[in-house]
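Take a look at this one; I'll ask things after.
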Amino acid sequence: MAEARQNLHVFLARYGKWIIACLLVVVSLTLVIGFLSQRAEKNESVAMEVLIETDDDFNSFLVQKISERETLKSISEDAQPATADSDQKTTTEGLTGGSESSPEVESNSAHSSLRDSLLLIVEEYPNTFAQHIAQFRLGHYHWYNNDIDTALEFYLSSSKYKDSYMLPIVLLNLAAVYEENKDLELSKNVYQRITDDFKTHPAYPEALFNLGRLSEGENFDQPDLAKGYYQSIVADELWAESTWADLAKTRLLQFEISNGEKL
């Protein structure tokens, strides 16, 4: 027993300072991690408060731009004769944005303050959910203002936030902007990502329908593949009663009429 105590005293005399130093380091790290965690939570909370302050301006911006799009669409339809395939391209103005006919808006527009507020969130609150949503909104802002390259930049940045319920919506917009920019292969790839990863999300049948629409277009000319996408929507119990299933049935019926075949 005496020998054990002596050995302990020798051990403490030799290594005691190092043990105390290590304990102090562990305690310090614990305190730092706790502080940083609390700071991150506070930072996230503040960022969300700043983002919420942009809600009214962003909604006003969307209402104005959608109204402008509808007006331009009506004028265009009145000026041009209808075509057999005029119903083939379905847009999703509520969730997605752009159109080739969208009007230019100057940088000093009434909504420039919205852009500045969103940019502030992106710059001042990195790695937060608020930054993710601000990037998404900036994608909308620039798409509606016909700045495709900048819209792509912000949608791509927003799509890097992996654990977000908004990610499929971000991807829908990204795919639509790629399509408008004539990057059809990239557009299909993004739609495919949605169908692979988000089968229970409402974006899923929309992505499937758009895959079908692109596949039967002249750039790909894959009608059999297109029919497969449409049939997948109709056959999926989760989405069989959705608007996208109705649209898919319409396309399948048009195939049947055009080709004289029974699908």
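Nothing in this text is a laboratory measurement; each read-out follows from the coordinates by a stated rule. Note that the coordinates shown come from a computational prediction; the quantities given were computed from them, not determined experimentally. Every residue, glycine among them, receives a Cβ derived from its backbone with ideal geometry; neighbour counts consider all protein chains shown.
Which whole-Hz couplings ³J(HN,Hα) result when phi for each residue of segment 160-174 is put into the Karplus expression 6.51 cos²θ - 1.76 cosθ + 1.60, θ = phi - 60°, listed in order with x for Gly and Pro?
Per-residue couplings from phi come out as 7, 7, 6, 9, 10, 5, 7, 4, x, 5, 4, 5, 4, 5, 4 Hz.
Can you sort Val190, Val63, Val50, Val177 so the residue with the fewest Cβ neighbours within 10 Å comes first? If you can, show how the numbers build up before the last one.
On the way: Val190 23, Val63 10, Val50 17, Val177 26.
Placing the least packed residue first, the sequence is Val63, Val50, Val190, Val177.
Over all Cα pairs of segment 122-166, how is the pair count split among 5 Å bins, expressed in % and running from 0 up to the last occupied bin?
6, 27, 31, 22, 12, 3
Give a quick list of GluC sites (Glu not before Pro) in segment 211-263 that DSSP marks as loop, anything other than H, G, I, E or B, with at most 13 other Cβ atoms within 10 Å. Write out the running numbers ahead of the final one.
Working: sites: Glu216, Glu218, Glu237, Glu241, Glu256, Glu261; in loops: Glu216, Glu218, Glu237, Glu241, Glu261.
For GluC sites (Glu not before Pro) across segment 211-263 that sit outside H, G, I, E and B with at most 13 neighbouring Cβ atoms in 10 Å, the list reads Glu218, Glu237, Glu241, Glu261.
So, one more: Exposure proxy check: Leu118, Leu138 ranked by fewest other beta carbons within 10 Å? Working shown, then result.
Numbers: Leu118 27, Leu138 23.
Result, fewest neighbours first: Leu138, Leu118.
Give me Rg/Rg_expected for segment 158-259, where Rg uses Cα atoms only and Rg_expected = 2.2 N^0.38 Å with N residues.
Numbers: Rg = 13.5 Å, N = 102, 2.2 N^0.38 = 12.8 Å.
It is 1.06.
May I pose another question? Given contacts defined as C-alpha pairs under 8 Å and at least six residues apart, what's the relative contact order of segment 152-230, whole-number percent? Display every interim value, and only then the final one.
Details: 83 pairs, mean separation 15.8, N = 79.
Rounded, it is 20 percent for segment 152-230.
Here's a follow-up. List the pairs from Lys160/Lys199; Lys160/Lys227; Lys65/Lys199 whose alpha-carbon separation is above 29 Å, in the order I gave them. Please report the intermediate quantities before stating the final value.
On the way: Lys160/Lys199 19 Å; Lys160/Lys227 32 Å; Lys65/Lys199 31 Å.
Cα-Cα > 29 Å for Lys160/Lys227; Lys65/Lys199; rest within.
At a 10 Å Cβ-Cβ cut-off, how would you order Tyr125, Tyr144, fewest neighbours first? List each step's numbers first, then the result.
Working: Tyr125 20, Tyr144 23.
Arranged by neighbour count, lowest to highest, Tyr125, Tyr144 become Tyr125, Tyr144.
Something else now. State, to one decimal in nm, how far the label point of Asp116 lies from the label point of Asp221, with both points 7 Å from Cα in the Cβ direction.
Roughly 5.3 nm, to one decimal.
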